[in-house]
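Some notes on the structure that comes next.
The values are calculated or read from the model by the stated rules, or taken from the named source; none is laboratory data. Note that the structure is a prediction, hence the values are computed from the model and not measured. Cβ atoms come from the backbone with ideal geometry, glycine included; neighbour counts cover every protein chain shown. Only protein heavy atoms, including side chains, enter the accessible area calculation; ligands, DNA and RNA are left aside. Shrake-Rupley method; radii C 1.70, N 1.55, O 1.52, S 1.80 Å.
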Amino acid sequence: MLNARNRIIIGVVLIAWIIVAAIFSSKLEPTTTAEQFLDDDHPLQIGATILTENFPQTQEDRSSKVHFIWGLDEVDRAGVNQLLDPENVGTASFNSEFTFDAQCQTAILSACDMLASDPDLKEFILLRDGSRSIDCFVQELGAFNVDNNANCLDVRIGDWQDEDWQVSSDNLTTTMEAFVSKRACEPDGQSVRNYYQNSMGWDGSGLRYAGISIESSILNERRVLAEDTVRVHYDKFIQVAEKFDENVGKACKTKTIMTDLDQKFVFMNNQRIYRTSAVSSSMIGVL
């Protein structure tokens, strides 16, 4: 048997090991930057680091879009395993109570105006040509319903809002068939159907969902940001979605779904899972 002196020495060493291991375990965290293939002091890597970290995102960058959608329920994620199939994110579920009537259209237009003018959102939405980058197909639809020959300048001026611009349920199918084939008010010359495919759920016979898209001021498909940075923007957009639920949600008879299709918010939540799992696993190993 060990004598008392040896027991004390072993106990002190063990306690010191546990303290050191606990300190380093608490510092474990997931990746916060894209993987580097070059050394930090390589000229190309220095240039890339400066461009990604020392300059804010501009309108020339391809940013991620955040969508506020009405007409969808939570995604059915049964059988989803992104470790084995990263492309499988689940199956969309449509809300049968969604109604794209005049009241709903008016509420969505008001939401677009709020996104464009709310000072609290200034740092969260990318600026393009001095204005916040917001895709609001209801604006173009309203102008088109008033005047089939309305151009993008007419849409921005907004005189059509003084008319009865809302599309009635009886004329929705006929109006949408003509509307989706016209050119959208965006620089690449895409049709309305193609440009708004993620925020306008026209299936040829009915509108399954409707929404608004904004360009994020920090998120893009190639950039990896820390969880804490992304969560500030995520929490703000969740607040916006909750505010929309009070008016747009009631008008359209469906709750607001906020999401991004580049899975930046999914990655953010995965970072938290990885971090907490790493810390708990390391502590179990230590003990």
Practice problem: Quick one: E123 ticks every box in (1) of a type in the set (D, E); (2) at pLDDT below 95; (3) more than 22 Å from the chain's Cα centre (by Cα) except a single one, so which number is it? | Solution: (3)
Quiz prompt | Search result, residues across the range 85-105 that are in contact (Cβ under 8 Å) with a residue 60 or more places away in the chain and open to solvent by 50 Å² or more (accessible area, probe 1.4 Å) | solution = V89, F94, E97, Q103
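If a residue must be within 18 Å of I134 (Cβ to Cβ) and among the charged types (D, E, K, R), how many such residues does the range 201-236 contain?
Going through the range 201-236, the residues within 18 Å of I134 (Cβ to Cβ) turn out to be 209-220, 233, 236.
Right, trim to among the charged types (D, E, K, R) and you get 215, 236.
Selection size over the range 201-236: 2.
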Quiz item: Do the conditions hold for D262, that is, is it modelled with pLDDT under 90 and either surrounded by fewer than 20 Cβ atoms within 10 Å (Cβ to Cβ) or in a loop (DSSP other than H, G, I, E, B) (or both)?
Solution: yes
Quiz prompt | Hits in the range 106-149 - residues which are open to solvent by 10 Å² or more (accessible area, probe 1.4 Å), farther than 24 Å from M176 by Cα and part of a helix (DSSP H, G or I) | solution = M114, A116, S117, P119, D120
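Given the residues Q161, Q166, which is the only one that is in contact (Cβ under 8 Å) with a residue 12 or more places away in the chain and part of a helix (DSSP H, G or I)? Break it down stepwise before answering.
On the way: Q166 fails: part of a helix (DSSP H, G or I).
When all the criteria are applied, what remains is Q161.
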Quiz item: Would you call G79 modelled with pLDDT of 60 or more, in a loop (DSSP other than H, G, I, E, B) and farther than 27 Å from T229 by Cβ?
Solution: yes
Self-check item: Matching residues, the range 194-241, being without any contact (Cβ under 8 Å) to a residue 24 or more places away in the chain and among the acidic types (D, E)
Solution: D203, D228, D235
Exercise. Inspect the range 195-204 for any residue being open to solvent by 10 Å² or more (accessible area, probe 1.4 Å) and part of a helix (DSSP H, G or I) and give the result as yes or no.
Key: yes
Practice problem: Mind listing whichever residues of the range 237-247 are touching a helix residue (DSSP H, G or I) at 6+ places or on another chain (Cβ under 6 Å) and within 24 Å of R128 (Cβ to Cβ)? | Solution: F244
Exercise. Search the range 169-194 for residues being of a type in the set (A, V, I, L, M, F, W, C) and in a helix (DSSP H, G or I), and hand back the single one that is nearest to the chain's Cα centre (by Cα).
Key: V192
Practice problem: Would you be able to tell me the number of residues in the range 205-217 that are open to solvent by less than 30 Å² (accessible area, probe 1.4 Å) and outside any loop (DSSP other than H, G, I, E, B)? | Solution: 9
